[in-house]
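Participant: Input: one structure, supplied below.
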Amino acid sequence: MNQSELIEKKRRFIKRTYFGVSDNPLDDVNPFDAWDEFLAAKVKDMNWGINPDAIKRSKIRFAYNFNKILDHYSVLLGLDDILVDLDNDAQTNESMINTWADKAIFPGDKTETENKVEEK
């Protein structure tokens, strides 16, 4: 698999996971049914809450749940990395997804890194 295919595969995984976790009935911060609307929407367009305290709590709860799901799949993306991007209300969901996919360490990445260390 070439590099661009690998990047696209990672972004697709993060996109589907983010969409699914944000649409979880317990939180349901995702008001969008269609992928294009979801990706084009800004972070602030999600249903995080009404007042600043509720929004902050909602984003922290979401970040925690999202992080746990990623961890289940052995994808490492720090809680702080998730929260930093969730706090950038002006960016689109697609932009945030791409950032997360670039920051995340996937199982294959760990293998490549371990192999490089062993070669030295």
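What follows is calculated from the coordinates using simple rules that are stated; it is not laboratory data. Given the structure is predicted, the values throughout are model-derived calculations rather than measurements. For neighbour counting, all protein chains shown are included, and Cβ atoms are generated from backbone atoms with ideal geometry for every residue, glycine included.
Participant: What is the helix-to-structure angle for 3-22, meaning the angle in degrees between its Cα long axis and the longest Cα principal axis of the chain, kept from 0 to 90 and rounded to the nearest 10?
Facilitator: So the helix axis and the longest Cα principal axis differ by about 30 degrees.
Participant: If you keep only loop residues by DSSP, which GluC sites (Glu not before Pro) in region 1-37 have at most 11 other Cβ atoms within 10 Å of their Cβ?
Facilitator: Values: sites: E5, E8, E37; in loops: none.
Taking region 1-37 and a limit of 11 other Cβ atoms within 10 Å, no loop GluC sites (Glu not before Pro) are found.
Participant: Treat every Asp and Glu Cβ in region 5-120 as -1 and every Lys and Arg Cβ as +1, leave all other atoms uncharged, and give the resulting dipole magnitude about the Cα centre to the nearest 20 debye.
Facilitator: Values: 17 positive and 23 negative charges, 37 e Å.
Approximately 180 debye in magnitude.
Participant: What percent do you get for the relative contact order of the chain when only Cα pairs under 8 Å and 6+ apart count?
Facilitator: On the way: 104 pairs, mean separation 35.5, N = 120.
Normalised by residue count, the contact order of the chain is 30 percent.
Participant: Now for a separate question. Whole-Hz Karplus ³J(HN,Hα) for region 98-108, in order, using 6.51 cos²θ - 1.76 cosθ + 1.60 and θ = phi - 60°, x for Gly and Pro?
Facilitator: Couplings: 4, 5, 4, 4, 6, 7, 5, 10, 8, x, x Hz.
Participant: With angles folded into 0 to 90 degrees, how steeply does helix 52-72 sit against the dominant principal axis of the chain? Use alpha carbons for both and round to 10.
Facilitator: It is inclined by approximately 30 degrees.
Participant: So, in region 18-115, how many Lys pairs have Cα atoms under 20 Å apart, if the pair is 8 or more places apart or on different chains?
Facilitator: Taking the Cα cut-off of 20 Å, the pair count is 10.
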